[in-house]
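J.: Dropping a structure here in structure tokens format, bear with me for questions.
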Amino acid sequence: MSAPATARAVLDLDVPGPVLSRHLYGHFAEHLGGCIYGGFYVGPESEIPNQDGIRLDVVEALRELGIPNLRWPGGCFADEYHWKDGVGPKQDRPRMINTHWGDVEENNHFGTHEFMALCELLGADPYITGNLGSGTVAEMSEWVEYLTRDGDSPMVRARRANGREDPWRVPFWGLGNESWGCGGNQRAEAYADLARQYATYCRDHGDNRLYKIAVGPDQDDYHWTETLMKAVGTLGCSRNPRGYFQAIALHMYTVLGSWEHKGSATAFDTDDYYATLVRAARMDELITRHSSIMDCYDPGRQVGLVVDEWGTWWDVEPGTNPGFLYQQNTLRDALVAGLHFDIFHAHAERVVMANIAQTVNVLQAMLLTDPATNALVRTPTFHVFAMNRGHHDATRLRTALVEGPDARPVGEGSLDLVSLSASRKDGTALVSVSNLDADRELELVLDVRGGAVAGHTARVLTAPTLQTHNTAEQPDAVAPTELTTVTDDPRGLRVTLPAHSFATVSLTLA
Ligand code: AHR
């Protein structure tokens, strides 16, 4: 057993940073595999407790996270989706083939009304992605009208005929998805013009204000970002300070190996573990570089960066449909999530929203459903979201790791083995810290400055192995427990963290 690593981190309680929007903890639900059908939606006839077909244990679990927003209906599916097929009596709704995901038939039973009902049950803001790839400007414009207009108009009458009197509030609107790929294989210049055109006709009806999010770059496509920033429209003290769109999206998945062989979610070794974290940490480089480009055009940071797809992407579980992207979720995935949140917090001046892919049964899910038993399993990643809930809409605090273990060489790169971030809200400071070392404990001194601490509580998420995961049989194999190894220190607090762990320390401020 090697000696613990030691580290010291300064925490400034009185140097406020930007607010960490709760929308950094957003989610994504696509018509893909078991995310909508069997995940969120089981239909009114199901024996599983539901409200108008919406699975209530899923709702309850996501409410525990304070789920702030939900992106829907895709993903690649969004650019094939025709919303009018998903409203009206279910038996009359046309069917389609979901060509992206499993080539299965989509019956359109979960459509606009069902999604908006789901958001209401969750208490989440809807983030709807319109079809720019294969739809029309009129179709997208009418969808906005159908959803958000009051008074009397053709789309309002249609909505009312389908049972909804009042308009809904829709704050977030996506102008297509991955238009450089599945959303039409467009060039940046062509997409930028289309985004301006579509955005023009996505109107603000009544007092609903759409925050329009244009398709942004695929990972490190910096040309795409620059092209969009040139196209965003007028900024600053012009007559139209909102611009044509208010944000651009970035997608980055943590993938090891090739798309054909991404590796197993559960059968991996320690080298794979470190390589995964190095890959995940690349999010910081991407945001930094995209932000630098955005700063050139928008130094006042009015245009947001929305990381609306992120997470781990492994080979599907053996025996499952390759098009359904169903994967298990281990402690490794949880540590990837913790690392991402520290990165998003560090970039909160520019990053205003993030959406993990995807909420139920797909990729780095919060929840897995077991069709055999109808059980609902909270994944290790779920617990990171829950433990970090105190950061929602809190004020970022400055943290700096001033002493710590050397970065670990990994392949051609290296990995910082300690990651942390902090915020303050309502007389409490929340510190999130990850010990990414697979084998060594960490003794961390929190060097607290600028205020006094009257009390503390702490929780830790870890497991005997990196591969440990939750199943219907063992739903709590990875679950948070109280962290009892927090003691007073002349500089503040001394926190001992197990190897491969994520912890949150909550400080009551004097
Ligand atoms: O999340 C799965 C897919 O990944 C989405 O549909 C697409 O946008 C991305 O390539």
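The values are calculated or read from the model by the stated rules, or taken from the named source; none is laboratory data. The structure displayed is predicted, hence computed values, not measured ones. Positions of Cβ are generated from backbone atoms using ideal geometry, with glycine treated the same way; all protein chains shown enter the neighbour counts. Remember, those area values only see protein heavy atoms, side chains included, never the ligands or the DNA or RNA. Shrake-Rupley method; radii C 1.70, N 1.55, O 1.52, S 1.80 Å.
J.: Show me the strands (runs of 3 or more DSSP E) entirely contained within the stretch 405-510 in which 2 or more residues are buried (at least 21 other Cβ atoms within 10 Å of the Cβ) and not assigned by TED's automatic domain parsing to the domain that holds Phe341.
T.: Values: elements: 408-410, 413-415, 418-425, 428-435, 442-449, 453-461, 486-489, 492-497, 501-509.
By residue number, 418-425, 428-435, 442-449, 453-461, 492-497, 501-509.
J.: Do we find that Trp314 is assigned by TED's automatic domain parsing to the domain that holds Gly33, at pLDDT below 95, within 16 Å of the ligand (Cβ to nearest atom) and of a type in the set (A, V, I, L, M, F, W, C) in this structure? Can you show your working first?
T.: Numbers: assigned by TED's automatic domain parsing to the domain that holds Gly33: yes; at pLDDT below 95: no; within 16 Å of the ligand (Cβ to nearest atom): yes; of a type in the set (A, V, I, L, M, F, W, C): yes.
No; evaluated as a whole, the condition is false for this residue.
J.: Given the conditions (1) more than 19 Å from Tyr222 (Cβ to Cβ); (2) in contact (Cβ under 8 Å) with a residue 24 or more places away in the chain, and given that Asp269 satisfies all but one, which numbered condition is not satisfied?
T.: Going through (1) more than 19 Å from Tyr222 (Cβ to Cβ); (2) in contact (Cβ under 8 Å) with a residue 24 or more places away in the chain one by one, Asp269 breaks only (2).
Yes/no per residue for (1) under 18 Å from Arg491 (Cβ atoms); (2) in contact (Cβ under 8 Å) with a residue 60 or more places away in the chain; (3) polar (S, T, N, Q):
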position: Leu401; (1), (2), (3): yes, yes, no
position: Ala407; (1), (2), (3): no, no, no
position: Ser423; (1), (2), (3): no, yes, yes
position: Arg440; (1), (2), (3): no, yes, no
position: Gly455; (1), (2), (3): yes, no, no
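Every residue, every condition in (1) open to solvent by 20 Å² or more (accessible area, probe 1.4 Å); (2) out of contact with any helix residue (DSSP H, G or I) (no Cβ under 9 Å at 6 or more places or on another chain), yes or no:
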{"position": "Leu11", "(1), (2)": "no, yes"}
{"position": "Gly17", "(1), (2)": "yes, no"}
{"position": "Gly38", "(1), (2)": "yes, yes"}
{"position": "Glu47", "(1), (2)": "yes, yes"}
{"position": "Trp83", "(1), (2)": "no, no"}
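J.: Looking at (1) buried (at least 23 other Cβ atoms within 10 Å of the Cβ); (2) in a helix (DSSP H, G or I); (3) over 25 Å from the mean Cα position of the chain (by Cα), can you tell me which one Ala78 breaks?
T.: Of the numbered conditions (1) buried (at least 23 other Cβ atoms within 10 Å of the Cβ); (2) in a helix (DSSP H, G or I); (3) over 25 Å from the mean Cα position of the chain (by Cα), the odd one out for Ala78 is (3).
J.: Further, regarding this structure: Could you tell me which residue of the stretch 34-70 is nearest to the chain's Cα centre (by Cα), considering only residues that are among the β-branched types (Val, Ile, Thr) and within 22 Å of Asp393 (Cβ to Cβ)? First the steps, then the outcome.
T.: Of the stretch 34-70, the ones among the β-branched types (Val, Ile, Thr) are 36, 42, 48, 54, 58-59, 67.
This time we only want the ones that are within 22 Å of Asp393 (Cβ to Cβ), so: 59, 67.
Numbers: Val59: 17, Ile67: 10 Å.
Among them, the one singled out is Ile67.
J.: Can you name the number of the only condition in (1) surrounded by fewer than 23 Cβ atoms within 10 Å (Cβ to Cβ); (2) among the hydrophobic types (A, V, I, L, M, F, W, C); (3) touching a residue at least 12 places away in the same chain (Cβ under 8 Å) that Phe172 fails?
T.: Here Phe172 meets the rest and fails (1).
J.: Another one. Kindly evaluate Tyr198 against the criterion of being within 16 Å of the ligand (Cβ to nearest atom), among the hydroxyl-bearing types (Ser, Thr, Tyr) and within 20 Å of Gly74 (Cβ to Cβ).
T.: Details: within 16 Å of the ligand (Cβ to nearest atom): no; among the hydroxyl-bearing types (Ser, Thr, Tyr): yes; within 20 Å of Gly74 (Cβ to Cβ): yes.
Here the answer is no, as Tyr198 does not meet what is asked.
J.: For the stretch 20-32, what are the residues that are out of contact with any strand residue (DSSP E or B) (no Cβ under 6 Å at 6 or more places or on another chain) and open to solvent by 20 Å² or more (accessible area, probe 1.4 Å)?
T.: Listed by number, the list holds a single entry, Arg22.
J.: I'd like the full set of residues that are of a type in the set (A, V, I, L, M, F, W, C) and at pLDDT below 95, limited to the stretch 351-390.
T.: Here is the first cut: in the stretch 351-390, the residues of a type in the set (A, V, I, L, M, F, W, C) are 351-354, 356-357, 360, 362-363, 365-368, 372, 375-377, 382, 384-387.
Scanning the stretch 351-390 gives a single hit, Ala372.
J.: Name the pairs whose Cβ atoms lie under 7 Å apart, with the first residue in the stretch 57-70 and outside the structural domain of Asn355 (by TED's automatic domain parsing), the second among the acidic types (Asp, Glu) and open to solvent by 20 Å² or more (accessible area, probe 1.4 Å), and 6 or more positions between them or separate chains?
T.: none
J.: Somewhere in the stretch 155-166, is a residue more than 16 Å from the ligand (Cβ to nearest atom), within 23 Å of Asp207 (Cα to Cα) and open to solvent by less than 10 Å² (accessible area, probe 1.4 Å)?
T.: Yes, the stretch 155-166 has at least one match.
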